[in-house]
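To start, the structure itself, in structure tokens.
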Amino acid sequence: SSGINAEWPLRPGCGDLSHLAAIIILLLKIWKTRSCAGISGKSQALFALVFCTRYLDLFFSFVSLYNTTMKVIYICCSIGTCYLVFMKFKPTYDTNHDTFRVEFLLGPCVIFALIFNHSLTVTEILWTFSIYLEAGAILPQLFMMSKTGEAETITSHYLFMLGAYRALYILNWVYRFYTESFFDPIAVIAGCVQTVLYCDFFYLYVTKVLKGKSLVLPC
């Protein structure tokens with residue numbers, strides 16, 4: 001399973017473009033402001049782990065040039081973001097508010113991947129682990145926002161595009177179910193959980209940010 005949308009008739013998939021837009025927005029935000037203030041380094045590290053464990057098939061499987069290119073971009077950009085947060089602009093990284101306990105997320109993901117998977121092979125277990133982990137990888141960022149009580153507009157755009165990417169993938173799964181009778185319970189359930197985590201943020205984004213107001217989380 002590649003995790004890159006190669007099946008939807010609209011190629012490249014809207015979900016992939018939304019995901020790529022989110023990554024570009026984040027990188028530009030950090031680079032232009034020379035600061036990673038408001039960005040959860042823990043979330044970015046988790047996303048890097050997601051891509052590195054999911055796309056190991058780069059070394060032994062070729063689907064298409066588009067598929068391979070997107071995988072390489074995701075891996076390189078996620079590692080690059082971690083470099084900016086933890087090294088280049090480390091003095092601007094807010095460790096005081098980025099305090100989510102990632103072990104409480106990683107542990108269950110490992111256990112679920114070992115129990116609920118398609119096959120007991122290393123690559124399949126790692127792919128399954130990445131699916132479960134991606135569902136909750138944004139939690140440190142949301143937790144950080146809840147502690148600071150607000151988010152910069154550009155960070156809000158990043159989170160919206162990231163949430164939209166997964167919501168668009170759900171539409172792709174619906175399309176595939178009706179046209180190919182394809183249904184992957186692991187990916188679908190994890191994707192739905194991930195989308196639900198964004199629902200409250202989506203509401204605030206539409207009612208605040210799109211109207212030109214600052215995004216302030218309710219107490």
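Nearest 10 degrees is fine. How inclined is helix 41-54 to the longest principal axis of the chain, computing both from alpha carbons?
The angle comes out near 10 degrees.
For labels at PHE60 and VAL188 in the simple 7 Å Cα→Cβ model, what's the distance in nm?
2.9
Given the pairs LYS42/LYS211; LYS90/LYS147; LYS71/LYS208, which span a C-alpha to C-alpha distance of over 28 angstrom in this model? Spell out each step's value before the answer.
Values: LYS42/LYS211 30 Å; LYS90/LYS147 20 Å; LYS71/LYS208 34 Å.
In this structure, LYS42/LYS211; LYS71/LYS208 exceed 28 Å between Cα atoms.
Taking every pair of distinct Cα atoms and averaging 1/r, then inverting, what Kirkwood hydrodynamic radius in Å comes out for the chain? Present the calculation step by step, with values, prior to reporting the outcome.
Working: mean 1/r = 0.0558 Å⁻¹.
One over the average 1/r among Cα pairs gives 17.9 Å for the chain.
Measure nothing but the geometry: give the 0 to 90° angle between the long axis through the Cα atoms of 139-148 and the longest principal axis through the Cα atoms of the chain, rounded to 10°.
Approximately 10 degrees, to the nearest ten.
Expressed in whole Å with the largest first, what are the equivalent ellipsoid semi-axes of region 107-162 derived from the C-alpha gyration tensor as the square root of 5 times each eigenvalue?
Numbers: eigenvalues 195, 29, 6 Å².
Working from the Cα gyration tensor, I get semi-axes of 31, 12, 6 Å.
Using a 1.4 Å probe on the protein chains only, how many percent of the accessible area of the chain belongs to carbon and sulfur?
Working: 7680 of 10830 Å².
Using a 1.4 Å probe with all protein chains present, the chain comes out at 71 percent carbon and sulfur.
Grab every C-alpha pair in region 20-95, bin the distances at 10 angstrom width from 0 up to the longest one, and report whole percents.
Whole-percent P(r) values from 0 Å outward: 19, 47, 24, 9, 0.
In square nanometres and to one decimal, what's the mean projected area of the convex hull around the Cα atoms of region 128-219? Walk me through the intermediate numbers first.
Values: hull surface 25.6 nm².
Averaged projected hull area, Cα only: 6.4 nm².
Whole number in Å², please: accessible area per residue of region 55-194, 1.4 Å probe, ligands, DNA and RNA not counted.
On the way: 7100 Å² over 140 residues.
Value for region 55-194: 51 Å² per residue.
With everything on Cα atoms, drop me the angle between helix 185-207 and the longest principal axis of the chain, reported from 0 to 90° to the nearest 10.
Computed tilt is about 30 degrees.
Give the aspartates and glutamates whose C-alpha is closer than 19 Å to that of LYS88, dropping any in the same chain fewer than 8 places away, or say none.
By straight Cα distance, LYS88 reaches ASP98.
How far is it, in nm, from the label point at THR92 to the one at THR153 when both lie 7 Å from their Cα along the line to the Cβ?
1.8
Starting from a Cα-only point model with no solvent, please compute log10 I(q)/I(0) by Debye for region 35-165 at q = 0.11, 0.14, 0.17 1/Å.
Cα-only, vacuum Debye calculation for region 35-165: -0.43, -0.69, -0.97.
The values are calculated or read from the model by the stated rules, or taken from the named source; none is laboratory data. Since we're looking at a predicted model, the values are computed, not measured. Ideal geometry is used to build each Cβ from the backbone, glycine not excepted, and the neighbour counts take in all protein chains shown. We work out accessible area using only protein heavy atoms, side chains counted, and drop any ligands, DNA or RNA first. Shrake-Rupley method; radii C 1.70, N 1.55, O 1.52, S 1.80 Å.
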